[in-house]
Amino acid sequence: MVDTVLSDGTFIPKGSFVAANMTTIHSDPELYDDPKEFRPWRFSEMREKSAEEAVKHQAVNTSKDFLAFGHGRHACPGRFFAINEIKAIMCYLIMN
């Protein structure tokens, strides 16, 4: 909507499209052990480490390290509904 200059001096002209590279963040070995390996219990194991980690790695929480639902002021407001829908679908699949 307007030209913007970030705190590091980066100029973003009006009308530019800005996006975050989620693949790089979600594949960072400093953030996730063996990020390229499929581990279905990865976040469950991360939550078991401590009480702080248990809160940090919930599916609806946002952070700069997990951007599936965005982060900050513009985080997806429907993420709570989406997670409950995914849980309901998984329950149906398991039971049927």
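The values are calculated or read from the model by the stated rules, or taken from the named source; none is laboratory data. Not measured: the values here are computed from a predicted model. A quick note on method: Cβ atoms are made from the backbone with ideal geometry, for glycine too, and the neighbour counts reach across all protein chains shown. Protein only, heavy atoms only, side chains kept; ligands, DNA and RNA dropped before computing areas. Shrake-Rupley method; radii C 1.70, N 1.55, O 1.52, S 1.80 Å.
Values as computed for the structure displayed
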quantity	calculated
Calculated FRET efficiency for the pair residue 76/residue 10, C-beta based, R₀ 30 Å, to 0.05	0.75
Crossing angle, helix 79-95 versus the chain [Cα axis fit, 0-90 degrees, rounded to tens]	30
Mean residue ellipticity (222 nm) of the chain, computed from DSSP H runs ≥ 4 via -39,500 (n - 2.57), nearest 500	-10000 deg cm²/dmol
In the range 6-56, the GluC sites (Glu not before Pro) that fall in loop regions by DSSP, at most 16 other Cβ within 10 Å	30, 37, 48
Accessible area expressed per residue, the chain, with surrounding protein chains retained (probe 1.4 Å, Å²)	83
Reciprocal of mean inverse Cα separation for the range 19-90 (Kirkwood radius, Å)	13.4
Residue of 83, 12, 25 that the Gaussian network model of the chain assigns the largest fluctuation, springs spanning Cα pairs under 10 Å	12
Count, lysine Cα pairs under 29 Å in the chain, 8 or more residues apart or across chains	10
Percent carbon-and-sulfur accessible area, the chain, ignoring ligands, DNA and RNA, probe 1.4 Å	61
Of the trypsin sites (Lys or Arg not before Pro) in the range 1-45, those whose Cβ has at most 16 other Cβ within 10 Å and which sit in DSSP loop	14, 36
GNM result for the chain, Cα springs below 10 Å: residue of 29, 77, 13 fluctuating most strongly	13
Segment residue 39-residue 89, length gained on full extension (0.36 nm per residue, minus Cα span)	16.0 nm
